[in-house]
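Reviewing the structure listed below.
The values are calculated or read from the model by the stated rules, or taken from the named source; none is laboratory data. All values derive from a computational prediction rather than experimental measurement. Please note: Cβ atoms are built from the backbone with ideal geometry, for glycine as well, and neighbour counts cover all protein chains shown.
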Amino acid sequence: MNFFAQQDRARAQTRRMLVLFALAVVCIVVAIDLVVAVAFGTMGDGRRHAYRAAASPQTGVLVVTTLLVLAVIGFSMLYKISSLRAGGGVVARQLGATLIDPYDPAMAGNFAYKRLRNVVEEIAIASGVPVPEIYVLEDEPGINAFASGYTTSDAAVTVTRGCLDKLTRDELQGVIAHEFSHVLNGDMRLNIRLMGVLFGILVIGIVGSKMVQWSGRDRDSNWQVFVGIALLIIGSIGLFFGRLIKAGVSCQREYLADASAVQFTRQSQGIAGALKKIAGLAEGSKLQSPEREEAAHMFFGDGVGYSALFATHPPLHKRILAIDPHFDPQELVAIAKAWSAPVEAFDAEGAEVSISGLAPAGAPGARASASASAGVLPQAGAAIALTPNKVVTQVAHPGSDDYRAANAIHTTIADALRAYAYSAERAPQVVLALALDAGAEVRAKQLALVGKYFGAATRAGIEEIAAAIADLHPMQRLPLAQLAFPALRKRTRGELQTFVIVLKQLIQADGRVQLEEYCLATLVSAQVIEALDPSKTITAGSSKLPDCAAEIADVVATIARYGNDDAAEAARAFQLGMREVLPDAKASYAPPEDFVRALDQALPKLDRLVPAGKELLVRGLTRAVGADGMVAVSEAELLRTICAALHCPLPPLLEQAA
């Protein structure tokens, strides 16, 4: 199942969730009305009292009760959704997780944190998405993880201390790749909405529990005890439907995410090893947090301990067998036995650690060196041939080649540059330095603008960073910016707005906008500014392709123009691209004079296309950019940037034709 089909699947699951939610609300309302009817003595005993009961003044009480219950459920749901509107980090913090700040000296020197951060950053680069916030549940010895957020721009990845202490690098990579599958396929948005919906139907039981607790302080509160117990019982209806909804939404997605992790890492031992340790060790994947019930559908493994009827995850042995058909249950006994004795492990990050039961992750030097990794990336001026159908299958589905490329990109970025990107103070300087022109005259004008807005110290900092990024490979520039995005998002709304204004002025300082400059500005808008209001972002709309014909023509014409030096070849590329998207359209090649304004107006509207429409659009754009048989690195980066604005993330290496 490709990315666009999974978008449709997520919509179907949302509709199913809403149907079950409506059924749960009806059951809760009817149950409470029955309790109120008994309390007020309005229950008739047969047909003789039916009309009298219906006409009695107590009927109004039932109407008021119904409206009151609906209001409580509705407002509770809206309150919970509102409390989560800031994005994935909110969910992590509600469960008691600690944010991993790579610029904090205490955290930067921690082996486990460094390994986790490297794995997350490499997978983010390979997936073509911003680096998410990283959290750790320090007090949870079980092996578990989850991803939360509305979009890739506000995503957060959280792991337990058990993941850090018990998993090898390959196993941790498998778990993180599994979670990124949820990030890429839009499962997070459904999950975070589900938290709000579930709170609405669970709130009745919560109210009942509080009433029982408070009633013990007052001797004349028998009625409160009665009402509280009744609400607790009725609350079990919400609990039943809540668990039913979570079970219906989660199970099949876990198989898909496991398969995606194997495809991505191109080895099954990692994620299979993590699942085997969950099955073989006493802690398993159980969580101790009192908030675990709300987020149970998000976890990598069963964090609550549900029965088969309400299971949010498939049985462990079935998940393991799906990945490792030769699995022998006796392996679990061996894992438990091995865990009783500590071993020395040399990790790929270059640190020797002594952790109970942790097998060596590889020989010294396992992590790719800069010189060895550099060959994975194409030469800066190279051009490659693309296959449109293959590129479409890459959307939100990176493979092992993408991971190797990401490892090369990540490893060969200097440690000093990564340190700048991690700093809340220096991260904006990193992005602004990437926008500086190579020409001395234009650069001087740009630096003067920086000094005007931010002062001499910031100007000096940008000049220092600019010197360090001069030799970056073109494919490393945008990933470096993405490394800076988590720190950049920590700035206030006003600071970010000023930052965006200055960035645009730097880009327009020479009176024209280069492709690289446009890509940088668009990524900042799509992946940083969007994170200010993530809950308002619409990643899959209802617009049809014919409704966006003018916008499609502008985007395809722009990408055809910059992919071909010859006007006739550009016109041919345009027609090939349009034929993929709108085969019956009679559009003529007319590239917009101001491509920046045209794309800025077109992309938000195209982002509201239905998933099937986006799939055809990506195929058409790929056909247009590769119509001459070859695609330069800068053209591929433009395609990736446009796809990012459409919430169709592409990995750094586009699939080449055979």
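Among residues of the range 255-274 that are within 19 Å of L653 (Cβ to Cβ) and in the same structural domain as I320 (by TED's automatic domain parsing), those with a beta-carbon under 8 Å from a residue that is in a helix (DSSP H, G or I) and of a type in the set (D, E) at least six positions away or on a different chain give the pairs F264/D402; T265/D170; Q267/D170.
So that you can scan it fast, the table gives a plain yes or no per residue for (1) at pLDDT below 75; (2) over 30 Å from V395 (Cα atoms); (3) surrounded by 20 or more Cβ atoms within 10 Å (Cβ to Cβ):
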{"position": "S181", "(1), (2), (3)": "no, no, yes"}
{"position": "L184", "(1), (2), (3)": "no, no, yes"}
{"position": "I192", "(1), (2), (3)": "no, no, yes"}
{"position": "L198", "(1), (2), (3)": "no, yes, yes"}
{"position": "S209", "(1), (2), (3)": "yes, yes, no"}
{"position": "V225", "(1), (2), (3)": "yes, yes, no"}
{"position": "G235", "(1), (2), (3)": "no, yes, yes"}
{"position": "L239", "(1), (2), (3)": "no, yes, no"}
{"position": "G242", "(1), (2), (3)": "no, yes, yes"}
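In a residue-by-residue description of the range 278-290, the property of being crowded, with 20+ Cβ neighbours inside 10 Å, in contact with a His (Cβ under 9 Å, 6 or more places away or on another chain), within 17 Å of E254 (Cβ to Cβ) and of a type in the set (A, V, I, L, M) applies to at least one position. Is it the case that the range 97-116 has a residue that's closer than 27 Å to A408 by Cβ, surrounded by fewer than 21 Cβ atoms within 10 Å (Cβ to Cβ) and basic (K, R)? For the range 97-116, residues closer than 27 Å to A408 by Cβ, surrounded by fewer than 21 Cβ atoms within 10 Å (Cβ to Cβ) and basic (K, R): present.
Taking the range 478-501 as the range and being under 22 Å from the mean Cα position of the chain (by Cα), in a helix (DSSP H, G or I) and surrounded by fewer than 17 Cβ atoms within 10 Å (Cβ to Cβ) as the test, only R493 passes.
All conditions in (1) modelled with pLDDT of 80 or more; (2) surrounded by fewer than 20 Cβ atoms within 10 Å (Cβ to Cβ) hold for L172, with the sole exception of (2). What tally of residues in the range 521-547 results from selecting those that are surrounded by 15 or more Cβ atoms within 10 Å (Cβ to Cβ), over 17 Å from R623 (Cβ atoms) and touching a Gly at 6+ places or on another chain (Cβ under 8 Å)? The total comes to 6.
Among the conditions (1) touching an Asp or Glu at 6+ places or on another chain (Cβ under 9 Å); (2) surrounded by fewer than 24 Cβ atoms within 10 Å (Cβ to Cβ); (3) farther than 19 Å from L520 by Cα, the only one that F595 does not satisfy is (3). Filter the range 549-568 for residues that are surrounded by fewer than 18 Cβ atoms within 10 Å (Cβ to Cβ) and either in contact with a Ser or Thr (Cβ under 8 Å, 6 or more places away or on another chain) or at pLDDT 90 or above (or both) and give the result. Residues satisfying the conditions are A549, A550, A568.
If a residue counts only when it is under 30 Å from A22 (Cβ atoms) and modelled with pLDDT of 85 or more, which helices (runs of 4 or more DSSP H) contained entirely in the range 63-167 have at least 3 such residues?
Where helices (runs of 4 or more DSSP H) fall fully within the range 63-167 and carry at least 3 residues being under 30 Å from A22 (Cβ atoms) and modelled with pLDDT of 85 or more, they are 88-94.
Can you tell me which residue within the range 249-269, out of those that are over 21 Å from the mean Cα position of the chain (by Cα) and not hydroxyl-bearing (S, T, Y), is surrounded by the fewest Cβ atoms within 10 Å (Cβ to Cβ)? Filtering first and then ranking leaves R266. Restricting attention to the range 179-211, and to residues there that are touching a residue at least 40 places away in the same chain (Cβ under 8 Å) and of a type in the set (S, T, N, Q), which single residue is farthest from F21 (Cα to Cα)? Checked the range 179-211; the qualifying residue farthest from F21 (Cα to Cα) is S181. For F75, the conditions (1) within 19 Å of R193 (Cβ to Cβ); (2) surrounded by fewer than 16 Cβ atoms within 10 Å (Cβ to Cβ); (3) touching a residue at least 24 places away in the same chain (Cβ under 8 Å); (4) of a type outside the set (A, V, I, L, M) all hold with the exception of (3).
Return the residue satisfying two criteria in turn: it lies in the range 319-333 and is part of a helix (DSSP H, G or I) and touching a residue at least 12 places away in the same chain (Cβ under 8 Å), and of such residues it is surrounded by the most Cβ atoms within 10 Å (Cβ to Cβ).
Among those that are part of a helix (DSSP H, G or I) and touching a residue at least 12 places away in the same chain (Cβ under 8 Å), it is I320.
Sub-6 Å Cβ pairs linking a first residue in the range 395-417 that is among the charged types (D, E, K, R) to a second residue that is in a helix (DSSP H, G or I) and buried (at least 23 other Cβ atoms within 10 Å of the Cβ), at least 6 apart or interchain, are D402/A126, ordered by first then second residue. Restricting attention to the range 504-520, the residues that are surrounded by fewer than 21 Cβ atoms within 10 Å (Cβ to Cβ) and either of a type in the set (G, A, S) or within 21 Å of P130 (Cα to Cα) (or both) add up to 4.
To keep it simple, each residue is scored yes or no on (1) more than 17 Å from V524 (Cβ to Cβ); (2) modelled with pLDDT of 90 or more; (3) touching a strand residue (DSSP E or B) at 6+ places or on another chain (Cβ under 6 Å); (4) not assigned by TED's automatic domain parsing to the domain that holds E516.
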{"site": "L432", "(1), (2), (3), (4)": "no, yes, no, no"}
{"site": "A448", "(1), (2), (3), (4)": "yes, yes, no, no"}
{"site": "F454", "(1), (2), (3), (4)": "no, yes, no, no"}
{"site": "I465", "(1), (2), (3), (4)": "no, yes, no, no"}
{"site": "D471", "(1), (2), (3), (4)": "yes, no, no, no"}
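Of the numbered criteria (1) over 22 Å from I529 (Cα atoms); (2) surrounded by fewer than 24 Cβ atoms within 10 Å (Cβ to Cβ), the one V159 fails is (2). Restricting to the range 418-443, name every residue that is outside any helix (DSSP H, G or I) and either of a type outside the set (D, E, K, R) or over 16 Å from P102 (Cβ atoms) (or both). Passing the criteria: S423, A424, A435, L436, D437, A438, G439.
The set of residues in the range 554-581 being hydrophobic (A, V, I, L, M, F, W, C), closer than 14 Å to T622 by Cα and either without any contact (Cβ under 8 Å) to a residue 60 or more places away in the chain or not assigned by TED's automatic domain parsing to the domain that holds A598 (or both) consists of A557, A570, A573, F574, L576, M578, V581. Being in the same structural domain as Q497 (by TED's automatic domain parsing) and exposed (fewer than 15 other Cβ atoms within 10 Å of the Cβ) is a property that holds for G439. How about the range 603-647: which of its residues are at pLDDT below 85, surrounded by 21 or more Cβ atoms within 10 Å (Cβ to Cβ) and part of a loop (DSSP other than H, G, I, E, B)? Selection gives G626, A627.
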